[in-house]
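Take a look at the structure below.
The values are calculated or read from the model by the stated rules, or taken from the named source; none is laboratory data. None of the values given here were measured: they were computed from a predicted structure. Note: ideal-geometry Cβ built from the backbone for every residue, glycine included; neighbour counts use all protein chains shown.
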Amino acid sequence: MNLFEGLEKFGLQAQNVGSLFEEEKKTGAGSASGEAVEEIPTEDTFLLEKGVRCTVCDKGFKAKMIKSGRIKRLESDEDLRPRYQYIDTIKYDVLSCPHCGYTAINRYFEHLPSVQIRLIKEQLCANFKSTDENEPDTYDYDTAIGRYKLALYTTMVKKGKASEKAYSCLKIAWLYRGKAETLDQADAAYEADLKDCKEQEDLFYRQAYEGFMKAVSAEMFPICGMDQNTLDYLLAYMAGYFKDYGVASKCIANILQAQSAPGKIKERARDLKERIVAEIKATKQ
């Protein structure tokens, strides 16, 4: 599978980039008893437009940002994928310049050394073409995934760190999971679309796992905003998912032995340990 499928619309041919880690608004009408039914807000009510200046071409553009004060956080997935009521905030964590094509996850967008700016200009901006599409009020999953793929491609072009590439892959995997959760089961293409989402999620999840494994051996913490305990837990979960039980056990042990590990992370690690032990026993029977 091509990780960068879909970037052709931007004028980019990403066929020979090498190994990734090589150096509807609903209105409540009231209940039958006359009680008011809570109105479900639309996604655009959680967004605002903010002016951004591109680090590469120095031109300004408008970007959609989350109104952090309005969103309500829910319990995250077991692998720490964040969840919020009414909106998937992951879709809006990428900035993409419509003028030159420079694209990055928000935390990486501003700070670029001159050598990376040169690489981006030569290998991305020179070939980039705007899609000439009107900016939608909200991003659907396909739009968000396309933006993240462009961010991932940009990271490869600028020879970014393994952690940044892994972080992009993890978020793309989470987006495919989110897309799968929103598929209409009544649609005739539901089963095929669900299978595709699962395959794509696994593809990018594997890349994320391999990338983070490289990052922990070569980079200093925090990595992608995560301290060692958080990343150890994430790696433990991903290792368990891919049945790499040796790595999972080592990461879990690191957490349980760490005095600095928060209680919630330790609790998650213990639950994960029990599940992995049960899986290992089951495979031996």
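Table for the structure above
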item	result
Among (1) in a helix (DSSP H, G or I); (2) surrounded by fewer than 18 Cβ atoms within 10 Å (Cβ to Cβ), the one test that N127 misses	(1)
Any chance A239 is in a helix (DSSP H, G or I), exposed (fewer than 15 other Cβ atoms within 10 Å of the Cβ) and not assigned by TED's automatic domain parsing to the domain that holds E75	no
The lone exception for G60 - which of (1) at pLDDT 80 or above; (2) closer than 25 Å to Q85 by Cα it fails	(2)
Hits in segment 254-285 (condition: surrounded by 14 or more Cβ atoms within 10 Å (Cβ to Cβ), of a type in the set (G, A, S) and in a helix (DSSP H, G or I))	A269
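Here is a yes/no grid of residues against (1) more than 22 Å from the chain's Cα centre (by Cα); (2) buried (at least 17 other Cβ atoms within 10 Å of the Cβ); (3) of a type in the set (G, A, S); (4) on the phi > 0 side of the Ramachandran plot:
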{"position": "L175", "(1), (2), (3), (4)": "no, yes, no, no"}
{"position": "Y190", "(1), (2), (3), (4)": "yes, no, no, no"}
{"position": "F204", "(1), (2), (3), (4)": "no, yes, no, no"}
{"position": "G246", "(1), (2), (3), (4)": "yes, no, yes, no"}
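Here's the yes/no breakdown for (1) in contact with a Phe, Trp or Tyr (Cβ under 9 Å, 6 or more places away or on another chain); (2) surrounded by 15 or more Cβ atoms within 10 Å (Cβ to Cβ); (3) in the same structural domain as L95 (by TED's automatic domain parsing); (4) over 27 Å from H111 (Cα atoms):
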residue	(1), (2), (3), (4)
T131	yes, no, yes, no
D137	no, no, yes, yes
T155	yes, yes, yes, no
E164	yes, yes, yes, no
D184	yes, no, yes, yes
D187	no, no, yes, yes
Q207	yes, yes, yes, no
S217	no, no, yes, no
